[in-house]
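Undergrad: Got a structure for you, questions after.
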Amino acid sequence: MANVTFRNVHKAFGTYVALENLDLDIRDGEFVALLGPSGCGKSTTLRMLAGLDFPTRGEILIGDRVVNDLAPGKRDIAMVFQSYALYPHMTVGENIGYPLKKRGIKGRAREEAVQKAAALLQLEPLLDRKPKQLSGGQQQRVALGRALVREPQVFLLDEPLSNLDAKLRSYMRAELIELHRRLGKTMVYVTHDQLEAMTMASRIAVMHAGLVQQFDTPDAIYNRPANRFVAGFIGTPPMNQIEGAVDGGDFVVAGHRIPIDRTAFVDSLRDGPAVLGVRPEAITIATGEGLPATVRLAENTGHETIVTLELPDHSRIAARVEAARRLDVGHNVALRFDPAAIHLFEATENGARLNRDETPASVIPMRSK
Amino acid sequence: MTAIATNIPKSATPPLERAYARLGVLLIAPTILVFSLVIVYPLLAAIYLSVFSIYTPTLQGGFVGADNYIELLTGKAFWNSLKVTLIWTVGTLTLQIVAGVGLALLLHQNIWFRSLARSLVLFPYFLSTVVAVLVWKWLFNDLYGALNQGLMQLGIIDMPLDWLGSMPNAMIGVILVGAWKFFPFVVIAVLARLQTIPENLYEAARIDGAGPIARFFDVTLPQLRSVLTVIILLRAIWDFKEFDLLYLLTGGGPVTSTQTLSLLVYQEAFGLNQMGQAAAYSVGMMLVMLVFMVLYIRQTKEKNA
């Protein structure tokens with residue numbers, strides 16, 4: 001069993017708090033992405049799991065074993081670094097075989113394991129080359145090979161694709177998904193790229209300012225963001241957040257009323273300031289009835305057009321329309337929101353979501369203490 | 001377009017490129033001139049002098065052909081000095097490298113006095129050789145030197161040792177002082193390289209199960225290889241022709257026990273006033289050094305390739 005557990009883990013560098021009360025339960029065989037902007041604590045989390053950094057307090061478990069005091073080499077983990085960290089003076093074969101060599105595996109056994117890993121990653125023709133003779137994508141595969149050669153319990157990947165070009169990145173994404181499916185091992189993947197997290201992970205821990213904001217499936221993260229940060233971090237463009245106030249059955253923004261269904265929200269929802277969240281694709285641009293807005297920018301990406309709209313209170317939101325739709329800059333339009341796609345958040349800086357969901361327990365399923 | 005291009009003969013250099021080439025020659029001309037005056041001329045002069053028998057004070061003498069070289073090959077002086085030079089170079093260089101790498105590794109650690117220690121370690125290298133030698137001569141002094149005093153108090157020796165006046169103590173003495181004087185160069189060069197080794201490599205090695213010793217041999221040392229090769233070659237060249245430290249400390253003595261080739265050339269030219277013979281020795285010395293030079297050039301070429 002190689003589930004990974006963080007129990008109330010806290011990490012401070014001097015007076016700077018990198019992580020606060022981190023609780024994560026990663027199940028055996030799961031592919032979990034730690035997603036967040038730089039400085040959110042995701043890499044620190046991974047490095048503590050690897051044993052390269054140490055928690056200020058709290059416990060980290062791999063399987064049933066507390067690994068806090070275990071050296072990195074004894075944790076039965078493997079890590080792929082963003083820079084790949086290949087040993088420059090060793091050949092590809094020696095690089096892949098190194099973890100086995102340090103564990104006293106010699107001769108044929110080691111050679112066979114290296115061959116097996118190389119075959120899995122199509123590295124056989126490169127075994128005698130040095131890392132600097134390889135392309136970025138090949139170096140990346142060698143780093144993966146070195147990680148999987150000794151069949152660890154848990155794979156740790158620290159932004160492994162961020163040094164590759166876009167095309168290779170999408171190829172390697174598919175390769176990694178395939179690899180995870182074949183190996184069935186627990187993988188913890190750190191990234192700041194939501195596309196990587198959304199496409200690869202079975203669950204995503206969205207992190208911000210040293211705190212896990214939401215730990216859930218990609219679907220839940222996108223459709224039921226736990227708070228304003230998650231709503232504003234996921235999606236390109238992200239969810240629009242319109243400041244206003246709840247007044248009976250309406251949400252009021254700059255004097256204009258948008259009808260809402262009060263039963264869709266939690267009982268504690270009171271009249272007063274709130275934030276309305278709506279995804280760009282849930283906005284219909286029309287004329288006549290609706291929230292008045294002015295077209296400020298229309299960006300045609302080929303398969304869709306992203307329209308920037310200015311609301312009466314001069315805030316701006318984005319809408320997604322079909323590419324063929326022509327919208328002239330400066331035109332006044334009326335916006336209608338899909339009622340089923342309206343989210344409400346508390347009006348605080350990182351206000352919690354106030355929707356009543358069918359499966360409310362899926363939001364922040366953190367361990368109860 | 002293509003029609004115009006084919007009209008120009010392939011061998012012709014475009015006018016602009018020719019102008020740049022002329023400017024280039026003009027710009028390097030002063031360097032070439034100075035280089036010729038201070039390096040090429042003395043070199044040729046030394047070779048020229050080496051086939052004459054010349055009395056230094058008057059610079060008069062006659063052509064002797066290969067006599068000076070025959071003396072070099074058949075006499076004992078050159079070979080004895082070559083042996084002394086090699087012992088001195090290998091001895092002091094080994095100590096410099098071992099102490100230099102060791103201290104660089106220590107100073108690379110996060111220790112609280114690191115920045116102070118990094119400045120202090122340079123001290124011997126900055127110190128004028130004359131001053132350093134004077135201090136060491138006092139330390140080595142057989143009557144009131146601190147070294148003998150210390151060793152006697154520790155009970156290692158019963159009687160004061162004659163450090164610079166007898167063998168092998170004199171050789172040990174110069175090797176020690178040479179190592180002390182020049183190891184900071186090794187520290188600086190190695191430390192600079194150590195700082196460029198990516199931390200990730202050590203982290204990867206730790207995850208791969210490598211302990212501290214394995215990390216030194218599998219990560220640090222291979223990364224230091226190229227810089228160590230250059231340091232060893234450079235220091236070997238410099239130590240091989242070292243003059244002032246040896247001249248001031250022992251003057252080549254006792255008798256000729258620490259007389260390196262540089263000292264032999266000096267002794268021949270200004271002690272025995274045989275400029276021709278000295279020139280022949282220096283040409284011989286240059287040929288030996290050519291080996292180091294070729295190795296060094298090869299090494300730097302390899303790095304650039």
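Undergrad: How big is the Cα convex hull of the range B:22-169 in projection, averaged over all directions, in nm²?
TA: Numbers: hull surface 71.3 nm².
Directional mean of the projected Cα hull area for the range B:22-169 stands at 17.8 nm².
Undergrad: Against the longest principal axis of chain A, how steep is helix A:107-120, in degrees 0 to 90 to the nearest 10, with axes from Cα atoms?
TA: Here the helix axis deviates by roughly 30 degrees.
Undergrad: Taking only protein heavy atoms into account and a 1.4 Å probe, give the accessible area per residue of the protein assembly as shown in Å². Present the calculation step by step, with values, prior to reporting the outcome.
TA: Numbers: 34390 Å² over 674 residues.
Result: 51 Å² per residue.
Undergrad: Report, as a whole number in µm² per second, the diffusion coefficient that Stokes-Einstein gives for the range A:82-128 at 10 °C and 1.306 mPa s using the Kirkwood radius over alpha carbon pairs. Intermediate values should be presented prior to the final figure.
TA: On the way: Rh = 11.0 Å.
In µm²/s, the coefficient rounds to 145.
Undergrad: How many times 2.2 N^0.38 Å is the alpha carbon radius of gyration of the range A:4-223?
TA: Working: Rg = 17.2 Å, N = 220, 2.2 N^0.38 = 17.1 Å.
So the Cα radius of gyration is 1.01 times the expected 2.2 N^0.38 Å.
Undergrad: Ok, one more. Using a 1.4 Å probe on the protein heavy atoms only, what accessible surface does B:Ile32 show? Give it in Å² to the nearest 10.
TA: Approximately 100 Å² for this residue.
Undergrad: Give me the compactness ratio for the range B:75-304, meaning the Cα radius of gyration over 2.2 N^0.38 Å. Don't jump to the answer; show the numbers that get you there.
TA: Numbers: Rg = 20.5 Å, N = 230, 2.2 N^0.38 = 17.4 Å.
Compactness ratio reported: 1.18.
Undergrad: While we're on this one: Could you grab the relative contact order for the range A:4-223? Cα pairs under 8 Å, six or more apart, rounded to a whole percent. Working shown, then result.
TA: Working: 407 pairs, mean separation 66.9, N = 220.
Over the range A:4-223, the number comes to 30 percent.
Undergrad: Report, ordered by chain and residue number, the aspartates and glutamates lying within cross-link reach of B:Lys181, taken as a straight Cα distance under 17 Å and ignoring same-chain residues fewer than 8 apart.
TA: Within the straight-line cut-off, B:Lys181 pairs with B:Asp239, B:Glu242, B:Asp244.
Undergrad: Run the accessible area of the protein assembly as shown with a 1.4 Å probe and give the carbon-and-sulfur part as a rounded percent. Walk me through the intermediate numbers first.
TA: Working: 20790 of 34390 Å².
C and S fraction of accessible area: 60 percent.
Undergrad: Right, next: How large is the helix-only mean residue ellipticity at 222 nm for chain B, computed as the sum of -39500 (n - 2.57) over DSSP H runs with n ≥ 4, divided by its residue count, in deg cm²/dmol to the nearest 500?
TA: -22000 deg cm²/dmol
Undergrad: Right, another one. Count charges around A:His343 for me, please; just the other residues with Cβ under 13 Å from its Cβ, Lys/Arg as +1, Asp/Glu as -1. Mind dumping the intermediate values first?
TA: Values: positive: A:Arg224, A:Arg228, A:Arg279, A:Arg353, A:Arg356; negative: A:Asp261, A:Asp338, A:Glu346, A:Asp357.
Around A:His343, the charge tally is +1.
Undergrad: Right, another one. Treating only the Cα positions of the protein assembly as shown as identical point scatterers, give the base-10 log of I(q)/I(0) from the Debye formula at each q in 0.11, 0.12 Å⁻¹.
TA: The computed values of log10 I(q)/I(0) come out as -1.14, -1.23.
Undergrad: List every residue whose amide H lies under 5 Å from the amide H of B:Phe52, counting only residues 5 or more places away in sequence or on a different chain, with H placed 1.01 Å from N in the peptide plane.
TA: Residues meeting the criterion, in which the H sits 1.01 Å from N, are B:Val64.
Undergrad: Taking 8 Å as the Cα distance limit and 6 or more residues as the minimum spacing, I'd like the relative contact order of chain A as a percentage. Spell out each step's value before the answer.
TA: On the way: 756 pairs, mean separation 59.4, N = 369.
Across chain A, relative contact order equals 16 percent.
Undergrad: Still on this structure, I have one more. Looking only at B:Gly155, B:Gly24, B:Gly102, which one moves most when chain B is put into a Gaussian network model with springs between Cα atoms under 10 Å?
TA: The residue that fluctuates most here is B:Gly24.
Undergrad: Averaged across orientations, what area in nm² does the convex hull of the alpha carbons in chain A project?
TA: Across all orientations, chain A yields a mean hull projection of 21.7 nm².
Undergrad: Same structure again: Hey, what's the Cα Rg ratio for the range A:238-362 versus the globular rule of thumb, 2.2 N^0.38 Å? Display every interim value, and only then the final one.
TA: Details: Rg = 14.9 Å, N = 125, 2.2 N^0.38 = 13.8 Å.
In units of the 2.2 N^0.38 Å rule of thumb, it is 1.08.
Undergrad: Now, a different point. Need the per-residue list for the range A:39-76: every residue with at least 50 Å² less accessible surface in the complex of protein chains than in the chain by itself, probe 1.4 Å, sorted by number.
TA: A:Leu52
Undergrad: Hey, another quick one. Count, for each residue of A:95-107, the Cβ atoms from other chains sitting within 10 Å of its Cβ, then give me the mean as a whole number.
TA: Values: counts 2, 0, 0, 7, 6, 2, 5, 10, 2, 1, 0, 0, 0.
If you average over the peptide's residues, the count of other-chain Cβ atoms is 3.
Undergrad: Among A:160-171, B:286-297, A:43-54, how do they line up from the highest to the lowest mean number of other beta-carbon atoms within 10 Å? Write out the running numbers ahead of the final one.
TA: Details: A:160-171: 15.9, B:286-297: 12.9, A:43-54: 21.6.
Listed from highest to lowest mean packing, they are A:43-54, A:160-171, B:286-297.
Undergrad: Now for a different question. Taking both sides together, what accessible area is buried at the A/B interface, probe 1.4 Å, expressed in Å² and rounded to the nearest 100? Display every interim value, and only then the final one.
TA: Values: alone 17400 and 18550 Å², together 34390 Å².
Using a 1.4 Å probe, the pair buries roughly 1600 Å².
Undergrad: Treat every Asp and Glu Cβ in the range A:4-223 as -1 and every Lys and Arg Cβ as +1, leave all other atoms uncharged, and give the resulting dipole magnitude about the Cα centre to the nearest 20 debye. Please list the in-between numbers first.
TA: Details: 29 positive and 25 negative charges, 176 e Å.
So the magnitude is around 840 debye.
Undergrad: For the range A:1-44 and the range B:228-279, what is the separation of their Cα centres, given in Å?
TA: Taking the Cα centre of the range B:228-279 as reference, the centre of the range A:1-44 is 65 Å away.
Undergrad: For A:Ser170 and B:Phe243, what does the FRET efficiency come to when R0 = 41 Å and r is the distance between their Cβ atoms, rounded to the nearest 0.05? Working shown, then result.
TA: Values: r = 66 Å, r/R0 = 1.60.
Calculated value: 0.05.
Undergrad: Next question, about the same structure. Note every residue of the range B:194-208 with a reduction of at least 30 square angstrom in accessible area, all protein chains present versus the isolated chain, computed with a 1.4 Å probe, or write none.
TA: B:Asn200, B:Leu201, B:Glu203, B:Ala204, B:Arg206, B:Ile207, B:Asp208
Undergrad: Okay, next question. Mean residue ellipticity at 222 nm from the helices of chain A, using -39,500 (n - 2.57) per DSSP H segment of n ≥ 4 over the full residue count, to the nearest 500 deg cm²/dmol?
TA: On the way: 8 runs with 83 residues, N = 369.
The helix contribution divided over chain A gives -6500 deg cm²/dmol.
Undergrad: Based on the Cα atoms of the range B:202-305, what semi-axes does the equivalent ellipsoid have, where each is the square root of 5 times one gyration tensor eigenvalue, given in whole Å with the largest first?
TA: Details: eigenvalues 359, 63, 11 Å².
Output for the range B:202-305: semi-axes of 42, 18, 7 Å.
Undergrad: Run the numbers on the range B:75-304 and let me know its relative contact order in percent, using alpha-carbon pairs under 8 Å that are six or more apart. Present the calculation step by step, with values, prior to reporting the outcome.
TA: On the way: 235 pairs, mean separation 65.4, N = 230.
The normalised contact order for the range B:75-304 reaches 28 percent.
Undergrad: Which residue, B:Leu23, B:Leu161, B:Leu228, has the most motion in a Gaussian network model of chain B that connects Cα atoms within less than 10 Å?
TA: B:Leu23
Undergrad: For peptide A:79-92, what's the mean number of Cβ atoms from other chains within 10 Å of each residue's Cβ? All intermediate terms of the calculation are to be shown ahead of the outcome.
TA: Working: counts 6, 2, 6, 1, 5, 2, 11, 3, 8, 6, 7, 2, 0, 0.
Taking the mean over all residues of the peptide, I get 4.
The values are calculated or read from the model by the stated rules, or taken from the named source; none is laboratory data. Nothing here was measured: the structure is a model prediction, and the numbers come from that model. Here the Cβ is made from the backbone with ideal geometry for all residues, glycine too, and neighbour counts use every protein chain on show. SASA here: full protein model, heavy atoms, side chains in, ligands and nucleic acids out. Shrake-Rupley method; radii C 1.70, N 1.55, O 1.52, S 1.80 Å.
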